[in-house]
Amino acid sequence: MALHGFNTADATLFSDEMASHPALNRLRARSEVVIEHDRDRFMARVEITTEEGRRYAADSSTAATGDPRASDAKIRAKFMALGTPILGQARAVALQDAVMGIDRLGSVASILEAVARH
C-alpha cells in the first residue's frame, strides 16, 4: 500500500475493498518476502528483477533517522493509531509491549492474552 502512496496509518484503508485493489493484487502476485534471521532488525534489503532479467538490489535502514529508538517511536505511534480504536487503550498498550519484546518472550501467551476479548 505504501508503495502506491496510501497512508498505512489510516485504519479505514484496511478493508476488503482495499485488499482486492487491482494495483495491490498485481504487486502482491509479483512479490516474495524472505526473512533473513541474521539481518539487523532495522535493516531491509530490496531486490528487484525486471522482466528483462536485470537485477537491482539495495539495503536501507528502516529507522527514520538511522536511530533505532526513533524508529521504535514511529512504529509504536502507528500501532496505537491503528490498534486503539479496535482494542482500547489498555489492551493496545499490552499487545504493543508484548509484540515489541517478542524476542524476549518465553511464549506467545502474553500476546494471545492481550488480543483475547474479555
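The values are calculated or read from the model by the stated rules, or taken from the named source; none is laboratory data. Please read these numbers as outputs of a predicted model, since none were measured by experiment. Quick reminder, even Gly has a Cβ in these numbers, built from the backbone with ideal geometry, and neighbours come from all protein chains shown.
Are any residues in the stretch 32-60 assigned to a loop (DSSP other than H, G, I, E, B) and surrounded by 10 or more Cβ atoms within 10 Å (Cβ to Cβ), and if so, which ones?
Just the residues of the stretch 32-60 that are assigned to a loop (DSSP other than H, G, I, E, B), to begin with: 32-42, 50-54.
Those that are assigned to a loop (DSSP other than H, G, I, E, B) and surrounded by 10 or more Cβ atoms within 10 Å (Cβ to Cβ): ARG39, ASP40, ARG41, PHE42.
State whether one or more residues within the stretch 38-53 are among the polar types (S, T, N, Q), over 21 Å from ILE86 (Cβ atoms) and at pLDDT 85 or above.
Yes, the stretch 38-53 has at least one match.
Which pairs turn up if I take residues in the stretch 70-81 that are in a helix (DSSP H, G or I) and modelled with pLDDT under 80 and look for partners that are loosely packed, with under 15 Cβ neighbours inside 10 Å and among the β-branched types (Val, Ile, Thr) with beta carbon separation below 7 Å, at least 6 apart in sequence or on another chain?
SER71/THR62
Can you tell me which residue is modelled with the lowest pLDDT among those in the stretch 2-22 that are outside any loop (DSSP other than H, G, I, E, B) and surrounded by 12 or more Cβ atoms within 10 Å (Cβ to Cβ)?
Checking each candidate, the answer is ALA11.
Out of (1) surrounded by 10 or more Cβ atoms within 10 Å (Cβ to Cβ); (2) touching a Ser or Thr at 6+ places or on another chain (Cβ under 7 Å), the odd one out for ALA94 is which?
Every listed condition holds for ALA94 apart from (2).
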